[in-house]
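Student: Sharing a structure, written as structure tokens. Questions coming.
The values are calculated or read from the model by the stated rules, or taken from the named source; none is laboratory data. As the structure is a computational prediction, the values presented were derived from the model and not from experiment. No Cβ is skipped: glycine too gets one built from the backbone with ideal geometry, and neighbour counts run over all protein chains shown.
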Amino acid sequence: MLHSMTGFGKSSITSEIGDTLIEIKSLNSKTFDLNLNTHVFYKSIENEIRSLISSKLQRGKVELKLSLSSDEPTSYLNKNIIENYVKDLKSVVKLDDTELLKIAVKLPEAFTKHSLEISETQKKNILLQIENACLELIKFRIQEGSALESDLLHQISCIEKHLSEICNLSPKRKEEIKEKLINNLNELDIEINNDRFEQELIYYLEKLDINEEIVRLENHLNFFKASIKSEDIAKGKKLNFISQEIGREINTIGSKANHSLIQKHVVEMKDSLEKIKEQLLNVL
């Protein structure tokens, strides 16, 4: 079963500090690229979060958003300091208490930030919910991967169909080339050494022979299908390598074909291969 690199998962948890929402999404990428957008309360455990996500999601551009809605104040007034500010300001300017208070709260140390420390229980619970979000994302990836697998196998089937047609045309092609060369020589009306001609003809036809390329291409196609069905989860890179080998054999067949109908089948195979390469960009 193929896994896509595209996915989305979410989870939430309610605790004494408030409601936490976890959202995680992933897109295709050549490597594992993680971006964290976490509430300040969870900054101290970002290393644990990174380690957890990297162990669950092997590849892709991943973004985690961790938001906290809390009724607990993040800062409080330093009343004594503000009262002293107001007292000192009264000796400088003549303003009512409301205006003086507006000035005082903007001065240094008027507010003190409330220190929030995450407990071991809170850390354990949030990591568990992040893991649940990752598992939901993986389910999404599997669903997307199933659609990718169906399309890839369809394109491989198309290549196999055109390759079969080429196999049928290949023997006739040799006879046509041989007949064409003989007719061209006859039109020249010159005397030739038949033994030498046969030697040169065999050499020429060997250069145009595509049987080896056909066999290798068949093997690559079978290897591609077997790799899709393998138990490995991350196999996008492997499939990409195989598709490159498939492309080399198709190109060689096209360059050696010297036959219009075979060339048409080569073009169709290249079209299917390009669709395969495009889809593989999103395979884990």
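Student: If I filter region 75-92 for residues that are surrounded by 14 or more Cβ atoms within 10 Å (Cβ to Cβ), at pLDDT 80 or above and in a strand (DSSP E or B), do I get at least one hit?
Tutor: no
Student: Out of curiosity, is Glu213 surrounded by 15 or more Cβ atoms within 10 Å (Cβ to Cβ), of a type in the set (Asp, Glu) and either at pLDDT 80 or above or assigned by TED's automatic domain parsing to the domain that holds Lys61 (or both)?
Tutor: Taking the combined requirement at face value, the residue satisfies it.
Student: Another one. So, in region 240-284, exactly how many residues are closer than 16 Å to Asn219 by Cβ, within 27 Å of the chain's Cα centre (by Cα) and not hydroxyl-bearing (Ser, Thr, Tyr)?
Tutor: 11
Student: Among the listed residues Leu95, Leu100, identify the single one that is outside any helix (DSSP H, G or I), more than 30 Å from Ala226 (Cα to Cα) and not assigned by TED's automatic domain parsing to the domain that holds Glu16.
Tutor: Leu95
Student: Could you please give the count of residues in region 244-258 that are surrounded by fewer than 21 Cβ atoms within 10 Å (Cβ to Cβ) and either in a helix (DSSP H, G or I) or among the basic types (Lys, Arg) (or both)?
Tutor: Qualifying residue count, region 244-258: 9.
Student: Just to be sure I understand, how many residues within region 32-52 are in contact with a helix residue (DSSP H, G or I) (Cβ under 7 Å, 6 or more places away or on another chain) and of a type in the set (Phe, Trp, Tyr)?
Tutor: Total meeting the criteria: 2.
Student: Has region 216-229 got at least one residue that is farther than 27 Å from Leu27 by Cα, assigned to a helix (DSSP H, G or I), assigned by TED's automatic domain parsing to the domain that holds Ser150 and in contact with a Lys or Arg (Cβ under 8 Å, 6 or more places away or on another chain)?
Tutor: no
Student: Do you know which residues across region 77-107 are in contact with a strand residue (DSSP E or B) (Cβ under 8 Å, 6 or more places away or on another chain) and not polar (S, T, N, Q)?
Tutor: Listed by number, the residues that qualify are Leu77, Val105.
Student: Scanning region 14-25 for residues that are at pLDDT 90 or above and of a type outside the set (D, E, K, R), which turns out nearest to Glu63 (Cα to Cα)?
Tutor: Ile24
Student: Return the pairs, sorted by first residue and then second, in which the second residue is acidic (Asp, Glu) and assigned to a helix (DSSP H, G or I), the first residue lies in region 30-55 and is assigned by TED's automatic domain parsing to the domain that holds Leu127 and touching a residue at least 12 places away in the same chain (Cβ under 8 Å), the beta carbons are less than 7 Å apart, and the residues are 6+ apart or on different chains.
Tutor: Pairs found: Leu36/Glu46; Thr38/Glu46; Leu52/Glu131.
Student: Select from region 226-254 the residues that are within 19 Å of Ile142 (Cβ to Cβ) and either of a type in the set (Lys, Arg) or touching a helix residue (DSSP H, G or I) at 6+ places or on another chain (Cβ under 8 Å) (or both) and list them in ascending order.
Tutor: Listed by number, the residues that qualify are Ser227, Ile228, Lys229, Asp232, Lys235, Gly236, Lys237, Lys238, Leu239.
Student: Let me ask you something else. Quick one: Ser54 ticks every box in (1) part of a helix (DSSP H, G or I); (2) over 16 Å from the mean Cα position of the chain (by Cα); (3) under 30 Å from Leu148 (Cα atoms) except a single one, so which number is it?
Tutor: With (1) part of a helix (DSSP H, G or I); (2) over 16 Å from the mean Cα position of the chain (by Cα); (3) under 30 Å from Leu148 (Cα atoms) applied to Ser54, the lone miss is (2).
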